[in-house]
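Reviewing the structure listed below.
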Amino acid sequence: MSLSAALFSLLLTTTLLIFMQNLVIDAACSDCFVSSQATYYPNSDEHGTDVGACGFGSFGATINGGDVSAASNLYRDGLGCGACYQVRCTNSAYCSDKGVTIVITDQGSGPGTDFILSKRAFSHMAQTSDAAATLLAYGVVDIQYRRVSCSYPYKNITIKIHEGSSNPNYLAFVIEYQQGKRDITAVQLCETQNFVCKLLSRSFGTVWTVNSPPSGPLSVRMLFSDEDGEDTWVVPVNNIPADWKAGESYDSGVQVNQ
Ligand SMILES: *[C@@H]1O[C@H](CO)[C@@H](O)[C@H](O)[C@H]1NC(C)=O
């Protein structure tokens, strides 16, 4: 009787230990690499794209030095726009350990691929330029990827007013230099005089729009959400002036580095 009780308690302890170990592994795994495949835009030049589905416009061509990518599932209806991933190919004869850090600027999928990289980013996974030529010739390569923090040293988050906007009837903008590892899940536009706020809708990609925006100087508040569902409203230091103009960029005065 007491032997079976001892055995039972041993079993329980072991089960508990295994369970706790799994918890630790799960917790560490937001940093784990996921296996997939990547290809590249065959006719892309050395840059990013100014026509990507994220709506970044000309910013999309130069962001991150042109190390950008289209995502299929990771596009997440536009929520994935601006997210950064470390992508490394796995053929140790040609590929570097570090790979390349890319920013999602577009949506697209090839057969079995999670990423369609710019040619430049694809080449940056290689150890040497000869190795890059070999990788390019393969066209599709096995990769591993993981979400990483976006880093734009010396840049604040910037609000770029979309060219199609028209003061005072219609305001559309894109959030540039999204930093850190979290998603922007909501945006509020607040009057700075009496703090009436309007929740904006994501029109497509990373483009936020509002009809009849509030008047006066405006504060663009961004809700940053991490993978555990932790939400933080980021309030900009600088406002958008009342006479905001289509095509202009306004510095929010804040950086978000986690
Ligand atoms: C970022 O905003 C701060 C004010 O919060 C400002 O002092 C700084 O110059 C800005 N940095 C850049 C690169 O614009």
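Return one number: the angle in degrees, 0 to 90 and rounded to the nearest 10, between the long axis of the Cα atoms of helix 129-138 and the longest principal axis of the Cα atoms of the chain. Tilt relative to the chain: about 80 degrees.
Taking the square roots of 5 times each eigenvalue of the Cα gyration tensor of region 32-148, largest first, gives ellipsoid semi-axes of 21, 15, 12 Å.
Here the sum of -39500 (n - 2.57) over DSSP H runs of 4 or more residues, divided by the residues of the chain, equals -5500 deg cm²/dmol at 222 nm, to the nearest 500.
Near residue 162, once Lys and Arg are set to +1 and Asp and Glu to -1 for all other residues with Cβ below 14 Å from its Cβ, the sum equals -1. In loop segments of region 176-258 as defined by DSSP, the GluC sites (Glu not before Pro) with at most 16 further C-beta atoms inside 10 Å of their C-beta are 227, 230, 248.
Once the Kirkwood radius over Cα pairs is known for region 192-258, the Stokes-Einstein relation at 10 °C and 1.306 mPa s delivers a diffusion coefficient of 117 µm²/s. With R₀ set to 25 Å, the beta-carbon distance separating residue 243 from residue 62 gives a calculated FRET efficiency near 0.40. Shape of region 107-258 from its Cα gyration tensor (a ≥ b ≥ c, root eigenvalues): rounded if a/c is under 1.5, otherwise prolate when a/b > b/c, or oblate? Prolate. Approximating the spin labels as points 7 Å out from Cα along Cα→Cβ, the residue 29-to-residue 197 distance works out to 3.5 nm.
Quotient of the Cα radius of gyration of the chain and 2.2 N^0.38 Å, N being its number of residues: 1.24. Backbone amide hydrogens, once placed in the peptide plane, bring residue 40 within less than 5 Å of 117, excluding anything fewer than 5 places away on its chain. For the options 195, 122, 204, a Gaussian network treatment of the chain with springs between C-alpha atoms closer than 10 Å singles out 195 as fluctuating the most. When region 129-248 is described by a simple charge dipole with +1 on each Lys and Arg Cβ and -1 on each Asp and Glu Cβ, the residue from 134, 153, 201 located farthest towards its positive end is 201. Rounded to the nearest 5, what is the percent of antiparallel bridges among the DSSP beta bridges in region 32-148? In region 32-148, approximately 75 percent of DSSP beta bridges are antiparallel ones.
By the Cβ distance rule (another cysteine Cβ under 4.7 Å), the chain contains no unpaired cysteine.
Residue exposure proxy: 130, 106, 50, ordered by other Cβ atoms within 10 angstrom of their Cβ from fewest to most, comes out as 130, 50, 106.
Read the figures in this text as sums done on the coordinates, not as results from a lab. What you are looking at is a predicted structure, and each value in this text was computed from that prediction instead of being measured. No Cβ is skipped: glycine too gets one built from the backbone with ideal geometry, and neighbour counts run over all protein chains shown.
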